[in-house]
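Comments concern the structure below.
Quick note: the coordinates plus some simple rules give every number you see, no bench work behind them. Given the structure is predicted, the values throughout are model-derived calculations rather than measurements. Backbone-built Cβ (ideal geometry, glycine too); neighbour counts: all protein chains shown.
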Amino acid sequence: MCSCEARINAASGLRLADQNIITIETQKEKLKQQEEPRGFLCKVSNAFRIAARHSSRLLGSAWTFASAVLIIVMWGLTGPIFHYSDTWQLIINTGTTIVTFLMVFLIQNTQNRDAKAAHLKLDELIRALKGARNQLIDLEKLADEDLTNLEKQFELVRKKAERNGNDPRGKSRANRAVHASKGENIFGRATKTLPATRT
């Protein structure tokens with residue numbers, strides 16, 4: 001009887017695995033269908049995103065900074081050779097202007113993506129935490145007046161916490177000291193007293 005049950009369980013397990021594989025394959029097909037109609041602008045945007053991420057990683061390294069310093073030093077050393085001419089000065093001015101112009105877009109893209117990712121992570125934490133106000137999700141889309149009102153609310157919360165000795169439960173410092181002397185930690189649980197060790 002046990003071998004029969006084991007065979008039945010194994011067969012049902014195989015059917016579930018087959019269903020999971022079919023579901024995964026179906027999801028992959030749906031994703032491919034969604035990707036196919038992507039237009040030219042979408043592909044360019046995706047390529048720019050990838051290039052900006054790699055460029056910001058590369059251009060933010062110490063080696064890139066050292067290379068830039070080396071280029072400026074070499075340019076400065078060639079000054080006497082070119083008699084500090086207008087063309088010699090124009091080379092560094094044009095080069096730095098072009099690099100700065102392009103870097104503005106790379107930096108802005110990277111900061112936008114980082115800010116969006118941080119906001120989404122915070123939104124998920126707010127959504128998942130019990131007791132958190134879900135109205136705080138997507139704050140960046142609120143009007144300035146609404147943000148100012150929320151800022152004032154949090155200022156009041158901070159002042160109340162300072163009056164209560166920075167204890168979110170409202171206990172004063174003196175009250176916490178009494179609990180600590182009774183062997184309770186800040187979470188209200190009794191702490192174990194460890195025996196003293198002799199040296």
For region 38-136, fraction of C-alpha pairs farther apart than 21 Å, in %:
59 percent
For N109, net neighbour charge (Lys/Arg +1, Asp/Glu -1) across residues whose Cβ lies under 15 Å away
+4
Estimated FRET transfer efficiency (A117, L58; beta-carbon r; R0 35 Å; 0.05)
0.95
Assertion target for W63, W88, ordered by fewest C-beta neighbours within 10 angstrom first, is W63, W88
Give the relative contact order (percent, whole number) for region 38-136; include only Cα pairs under 8 Å separated by 6+ residues.
28 percent
Cβ-placed point charges (K, R +1; D, E -1), dipole of region 38-136 about Cα centre in debye, nearest 20:
780 debye
Under a point spin-label approximation (7 Å from Cα along Cα-to-Cβ), what is the Q153-T100 distance to one decimal in nm?
4.3 nm
If you plug each phi of region 54-63 into the Karplus form 6.51 cos²θ - 1.76 cosθ + 1.60 with θ = phi - 60°, what whole-Hz ³J(HN,Hα) values come out, in order, with x for Gly and Pro?
5, 5, 5, 5, 6, 6, x, 8, 5, 5
Can you run phi through the Karplus equation (6.51, -1.76, 1.60; θ = phi - 60°) for region 103-116 and list ³J(HN,Hα) in whole Hz, with x for Gly and Pro?
5, 4, 5, 5, 5, 5, 4, 5, 5, 4, 5, 5, 5, 5
